[in-house]
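The values are calculated or read from the model by the stated rules, or taken from the named source; none is laboratory data. Everything numeric in this text was worked out from a predicted model, so none of it was measured. Note: areas computed on protein heavy atoms with side chains; ligands, DNA, RNA excluded. Shrake-Rupley method; radii C 1.70, N 1.55, O 1.52, S 1.80 Å.
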Amino acid sequence: MYFTGIIIAACTFAIIGIFHPVVIKTEYHFGTKPWWLFLLAGIGCVGASLCVEEVIASTLLGVTGACFLWSIGELFEQRKRVEKGWFPKKKKA
């Protein structure tokens with residue numbers, strides 16, 4: 001039996017699950033200012049996935065890169081959700 005697909009699916013599920021709270025916490029603590037860090041990390045991961053020969057590692061780097069890039073849009077959407085009152089807004093000290 002080959003477990004490559006199951007491994008990739010499980011890891012993809014975990015990566016996406018990790019990024020959800022990362023976006024929420026990033027917007028809460030820093031706002032949308034660090035969007036460019038997500039861009040650089042996303043490009044870096046996607047670029048690295050092109051250089052890795054091993055299938056699982058290459059795929060997971062690509063998935064992580066895609067999640068970083070997707071998170072840019074989610075960061076700005078999260079700001080809108082905070083403005084609507086769906087998530088708490090950080091109180092200024």
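Take the solvent-accessible surface of the protein heavy atoms, probe 1.4 Å, and return the percent of it on the chain that carbon and sulfur atoms account for.
Ligands and nucleic acids excluded, carbon and sulfur give 72 percent.
How large is the accessible surface per residue of the chain, computed with a 1.4 Å probe and reported in Å² as a whole number?
Accessible surface, normalised per residue, equals 72 Å².
If you only keep lysine pairs separated by 8 or more in sequence, or across chains, how many in the chain come under 15 Å at the Cα atoms?
Lysine pairs meeting the criterion: 9.
In sequence order, what are the phi-derived ³J(HN,Hα) couplings for region 64-79 according to the Karplus relation 6.51 cos²θ - 1.76 cosθ + 1.60 with θ = phi - 60°, rounded to whole Hz, with x for glycine and proline?
Here the 3J(HN,Hα) series is 4, x, 5, 5, 4, 5, 5, 5, 4, x, 5, 4, 6, 5, 4, 4 Hz.
Can you tell me how much longer the chain between residue 30 and residue 48 gets when fully stretched, taken as 0.36 nm per residue apart minus their C-alpha distance, in nm with one decimal? Numbers along the way, then the final one.
Working: separation 18, 0.36 × 18 = 6.48 nm, distance 2.72 nm.
Difference between extended and current length: 3.8 nm.
Write down Rg/Rh for region 1-43, rounded to two decimals, with Rg from the C-alpha atoms and Rh from the Kirkwood relation over Cα pairs.
1.18
Please work out whether the chain counts as rounded, prolate or oblate from its C-alpha gyration tensor, where a ≥ b ≥ c are the square roots of the eigenvalues and a/c under 1.5 means rounded, while otherwise a/b larger than b/c means prolate and anything else oblate? Can you show the working numbers first?
Details: a/c = 3.74, a/b = 2.04, b/c = 1.83.
The shape class here is prolate.
Name the long-range amide H neighbours of residue 87: under 5 Å, sequence gap of 5 or more, or other chain; modelled H, no Pro or chain starts.
Residues meeting the amide H criterion: 82.
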